[in-house]
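The values are calculated or read from the model by the stated rules, or taken from the named source; none is laboratory data. These numbers come from a predicted model, not from an experiment. Methodologically, a virtual Cβ is constructed for each residue, glycine included, from the backbone with ideal geometry; neighbour enumeration extends over all protein chains shown. Protein only, heavy atoms only, side chains kept; ligands, DNA and RNA dropped before computing areas. Shrake-Rupley method; radii C 1.70, N 1.55, O 1.52, S 1.80 Å.
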Amino acid sequence: MELTKNQKVLIGFLHFLPILGMALYFIVFFSIFFSAIGNAGNHEPNPVVFFQGFAAAFIIIILTIFATIGIKIFDIMHVVKSNKNDTGNKVLMWVLLFVFAGTISEIIYYFMEILPNKTQEIQNTQQ
């Protein structure tokens, strides 16, 4: 699968999106938590504010889950298409890593397989 430089940059950003989503989720979650503790002495708590924060956290986690699933599907398709003629267990190894190691293995795959320009490497070794 041939990708342009711009596509590789966009895919790289998308590979880090689940980590950014989880960080944003924790920020929103702890801000809700600490605001609830700060309002504990107040006899008239405002549940609307709590549920607005909860809705924001819920939307962030849902978008993060969709991004993670999308990256996983893209990486599995990429590893299968890129290694059609490979007789080893490289495809199986990467798919198992994607399933069991998650985002970390997808970031490693991006730097090891997607980012390097393999056609230039093959041409350099043949010369």
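A few remarks follow.
- Search result, residues across region 68-106 that are under 13 Å from F16 (Cα atoms), open to solvent by 20 Å² or more (accessible area, probe 1.4 Å) and touching a residue at least 24 places away in the same chain (Cβ under 8 Å): T68, G70, K72, T103
- Taken over region 1-30, the criterion of being free of Cβ contacts under 8 Å to residues at least 24 places away in the same chain and either β-branched (V, I, T) or closer than 11 Å to T64 by Cα (or both) is satisfied by T4, V9, L20, A23, I27.
- For the residues T87, T4, the requirement of being over 18 Å from L115 (Cα atoms) and polar (S, T, N, Q) singles out T87.
- Any pair with Cβ under 7 angstrom, 6 or more apart, that starts in region 47-66 at a residue that is touching a residue at least 40 places away in the same chain (Cβ under 8 Å) and part of a helix (DSSP H, G or I) and ends at one that is hydroxyl-bearing (S, T, Y) and open to solvent by 40 Å² or more (accessible area, probe 1.4 Å): I61/Y25; T64/Y25
- Any chance F54 is open to solvent by 40 Å² or more (accessible area, probe 1.4 Å) and modelled with pLDDT of 95 or more: no
- Residues in region 83-107 that are modelled with pLDDT under 85 and either of a type in the set (G, A, S) or closer than 14 Å to I73 by Cα (or both): G88 only.
- For I11: the one exception among (1) under 19 Å from the mean Cα position of the chain (by Cα); (2) hydrophobic (A, V, I, L, M, F, W, C); (3) within 18 Å of Y110 (Cα to Cα); (4) surrounded by fewer than 16 Cβ atoms within 10 Å (Cβ to Cβ): (4)
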